[in-house]
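Visitor: Before we start, here is the structure in question, set down as structure tokens.
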Amino acid sequence: MNNEVIEILKQTGALLTGHFVGTSGRHIDTYVNKDALYMHPKQASRICRLMAEEAKSFDVDVVVGPALGGIVLSQWTAYHLSEIKNKDILAIYTEKTPEGGQKFMRGYDKVVKLQNVLIVEDAPTTGISAKKVVDAVIAAGGKVVAVSVMVNKDPKNVNSEFFGAPFLPLIEFEIQSYEDADCLLCKKNIPINTTVGHGKKYLEMKNARGQ
């Protein structure tokens, strides 16, 4: 485990424990608050330097991350990878569609066509968002050479086989993750954090349903 990454996350207040609802809708006991990290450019840059170092053996033309969180990572990682490999590597991003997918807009699909692409993501719970970026790159005619994440919270299921490409997590640690109906945190009456993650939206939807 990369202790430097853990220390940076702790120093910036980005590593939290409690009861959270992730992007996937699953309930989790550990949350990586990327927004707390991104307020500190020096630390965010260092994280991305480490991601670039991990990917330096791959031939990369473009770095892609999902909006919004992946934009910062794609920019800094491309910057450091350009420096390491002494070539101009571009940084772009996908955007969420109304159907919940990831799609290139602003003409970015033309940027990845026939190019070697490194995908970057922060701390996926299920890896589905990053997998949607993989699919978007392939659909646009690009080649995914690797997927890099800051934190992998599900080493058993989120791996190279899942993405169909080499997988490069800076750190891995398994967290407790539950479907809504089976959440032990809910059964223990541990309050849901409404400040970070999707806890506030989840409770609003639950109240609207009268649950």
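Visitor: Criterion first (under 13 Å from the mean Cα position of the chain (by Cα), at pLDDT 95 or above and within 22 Å of residue 38 (Cα to Cα)) does residue 169 satisfy it?
Guide: Yes.
Visitor: For segment 166-211, how many residues are touching a strand residue (DSSP E or B) at 6+ places or on another chain (Cβ under 7 Å) and touching a residue at least 40 places away in the same chain (Cβ under 8 Å)? Give the derivation first.
Guide: Initial filter on segment 166-211 (touching a strand residue (DSSP E or B) at 6+ places or on another chain (Cβ under 7 Å)): 166-172, 175-178, 180, 183-186, 190-193, 196-199, 202.
Of the ones still in play, those that are also touching a residue at least 40 places away in the same chain (Cβ under 8 Å) are 166, 168, 170-172, 175-178, 180, 183, 185-186, 190-193, 196-199, 202.
Selection size over segment 166-211: 22.
Visitor: While we're looking at this one, here's another question. How many residues are of a type in the set (D, E, K, R) and surrounded by 24 or more Cβ atoms within 10 Å (Cβ to Cβ) if we restrict to segment 133-156?
Guide: 1
Visitor: Say whether the condition of being in contact with a Ser or Thr (Cβ under 9 Å, 6 or more places away or on another chain), surrounded by 16 or more Cβ atoms within 10 Å (Cβ to Cβ), within 30 Å of residue 79 (Cα to Cα) and among the charged types (D, E, K, R) is met by at least one residue in segment 122-131.
Guide: no
Visitor: Still on this structure, please answer the following. Quickly run through segment 34-49 and pick out the residues that are surrounded by fewer than 19 Cβ atoms within 10 Å (Cβ to Cβ) and out of contact with any Ser or Thr (no Cβ under 9 Å at 6 or more places or on another chain).
Guide: Within segment 34-49, 35, 41, 42, 45, 46 meet the criteria.
Visitor: Is it fair to say residue 92 is crowded, with 24+ Cβ neighbours inside 10 Å, within 26 Å of residue 33 (Cα to Cα), modelled with pLDDT of 95 or more and of a type in the set (Val, Ile, Thr)? Write out each step before concluding.
Guide: Working: crowded, with 24+ Cβ neighbours inside 10 Å: no; within 26 Å of residue 33 (Cα to Cα): yes; modelled with pLDDT of 95 or more: yes; of a type in the set (Val, Ile, Thr): yes.
In short, no.
Visitor: Find all pairs meeting these conditions: Cβ atoms under 7 angstrom apart; at least six residues apart or on different chains; first residue within segment 131-147 and touching a residue at least 40 places away in the same chain (Cβ under 8 Å); second residue among the charged types (D, E, K, R) and not in a strand (DSSP E or B).
Guide: 142/113; 145/59
Visitor: From the set of residues in segment 73-114 that are part of a loop (DSSP other than H, G, I, E, B) and within 18 Å of the chain's Cα centre (by Cα), which is nearest to residue 50 (Cα to Cα)?
Guide: Taking segment 73-114 and keeping what is part of a loop (DSSP other than H, G, I, E, B), we get 86-89, 97-101, 104-107, 113-114.
From what's left, within 18 Å of the chain's Cα centre (by Cα): 97, 100-101, 104.
Working: 97: 30, 100: 30, 101: 28, 104: 26 Å.
Looking at residues that are part of a loop (DSSP other than H, G, I, E, B) and within 18 Å of the chain's Cα centre (by Cα), I get 104.
Visitor: OK, next. What number goes with the only condition from (1) under 25 Å from residue 35 (Cα atoms); (2) part of a strand (DSSP E or B); (3) touching a residue at least 60 places away in the same chain (Cβ under 8 Å) that residue 117 does not pass?
Guide: Looking at each condition in turn, residue 117 falls short on (3).
Visitor: Another question, then. Would it be correct to say that residue 13 is in contact (Cβ under 8 Å) with a residue 60 or more places away in the chain, surrounded by fewer than 23 Cβ atoms within 10 Å (Cβ to Cβ), over 24 Å from residue 139 (Cβ atoms) and over 16 Å from the mean Cα position of the chain (by Cα)?
Guide: Judged against the criteria, residue 13 is not a match.
The values are calculated or read from the model by the stated rules, or taken from the named source; none is laboratory data. On a predicted model such as this, the values are computed, not experimentally measured, just so you know. Glycine also receives a Cβ, built like all others from the backbone with ideal geometry; neighbour counts cover every protein chain displayed.
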